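Everything on this sheet refers to the single structure shown next.
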Amino acid sequence: MSKKRLITVIIGFIISCSVILGWGASHNIYSMAQNTKSVDKATGNFKIGKDLYLENCAACHIPIPPAVLPQETWQTILENPGNHYGVKVEGLTGFTQRLMWLYLQGYSRQLLKDEVKPKFIAQSRYFFALHPQVDLPSPITINTCIQCHSQATKFDYRE
């Protein structure tokens with residue numbers, strides 16, 4: 001890569017970071033996560049990704065804790081916003097997707113060897129491990145979480 005091209009890439013990255021950070025502050029996404037009893041306490045580089053995850057995903061449905069699905073499922077979801085369970089997600093840029101991925105990857109799990117990648121939470125081994133001896137409703141969907149977790153819309157699954 002030429003020196004001129006490298007400088008252009010670096011300047012573009014700095015401008016992109018400034019825009020994202022300014023956008024986040026103007027949309028108050030930082031305080032949104034602080035005002036909840038979140039399922040995880042994301043810090044450092046993960047915080048912006050978490051805030052973007054909440055801003056983008058919780059606008060349409062309750063935010064799912066990253067640990068409920070494996071990294072491989074989250075990666076598939078983020079790589080194809082044009083078909084998010086049959087819905088086209090607007091406004092996700094590559095940079096936003098990358099920041100969200102860093103958060104989701106850091107707070108989710110990997111599939112076990114020979115484990116089938118779940119598409120839905122009802123197929124997730126870890127979801128059932130989080131709910132031992134719980135009489136779960138049927139069918140299990142993201143909307144049924146609210147039946148037991150009244151504060152799930154605020155990313156609080158501890159209540």
Could you give every pair whose Cβ atoms fall below 9 Å, whose first residue belongs to the stretch 72-83 and is in contact (Cβ under 8 Å) with a residue 24 or more places away in the chain and on the phi < 0 side of the Ramachandran plot, and whose second residue is aliphatic (A, V, I, L, M) and not in a helix (DSSP H, G or I), counting only separations of at least 6 or pairs across chains?
GLU72/LEU111; THR73/LEU111; LEU78/LEU92
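Which of the residues belonging to the stretch 49-71 are free of Cβ contacts under 8 Å to residues at least 60 places away in the same chain, over 16 Å from GLY91 (Cα atoms) and within 11 Å of the chain's Cα centre (by Cα)? It would help to see each step written out before you state the result.
Step one: filter the stretch 49-71 for residues free of Cβ contacts under 8 Å to residues at least 60 places away in the same chain, giving 49-53, 55-57, 59-60, 66, 69-71.
Among the residues that remain, those that are also over 16 Å from GLY91 (Cα atoms) are: 50, 66, 69-71.
Answer for the stretch 49-71, where residues must be free of Cβ contacts under 8 Å to residues at least 60 places away in the same chain, over 16 Å from GLY91 (Cα atoms) and within 11 Å of the chain's Cα centre (by Cα): LYS50, PRO66, LEU69, GLN71.
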Considering only the stretch 130-159, state which residues are surrounded by 11 or more Cβ atoms within 10 Å (Cβ to Cβ) and without any contact (Cβ under 8 Å) to a residue 40 or more places away in the chain.
HIS131, LEU136, PRO137, ILE140, THR141, THR144, CYS148, HIS149, SER150
Would you be able to say whether some residue in the stretch 86-105 is among the aliphatic types (A, V, I, L, M), closer than 18 Å to PHE127 by Cα and part of a loop (DSSP other than H, G, I, E, B)?
no
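Mind checking which residues of the stretch 116-129 are assigned to a loop (DSSP other than H, G, I, E, B) and surrounded by 14 or more Cβ atoms within 10 Å (Cβ to Cβ)? Before you say what the answer is, go through the steps one by one.
The first filter runs over the stretch 116-129 and keeps only residues assigned to a loop (DSSP other than H, G, I, E, B), leaving 116-120, 124.
Matches in the stretch 116-129: LYS117, PRO118, PHE120, SER124.
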Out of the residues in the stretch 37-60 that are within 26 Å of PHE128 (Cα to Cα) and exposed (fewer than 15 other Cβ atoms within 10 Å of the Cβ), state the one that is modelled with the lowest pLDDT.
LYS37
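The values are calculated or read from the model by the stated rules, or taken from the named source; none is laboratory data. Remember, it's a predicted structure, so these values are computed and weren't measured experimentally. Because the Cβ atoms are built from the backbone with ideal geometry, glycine has one as well, and the counts that use them run over all protein chains shown.
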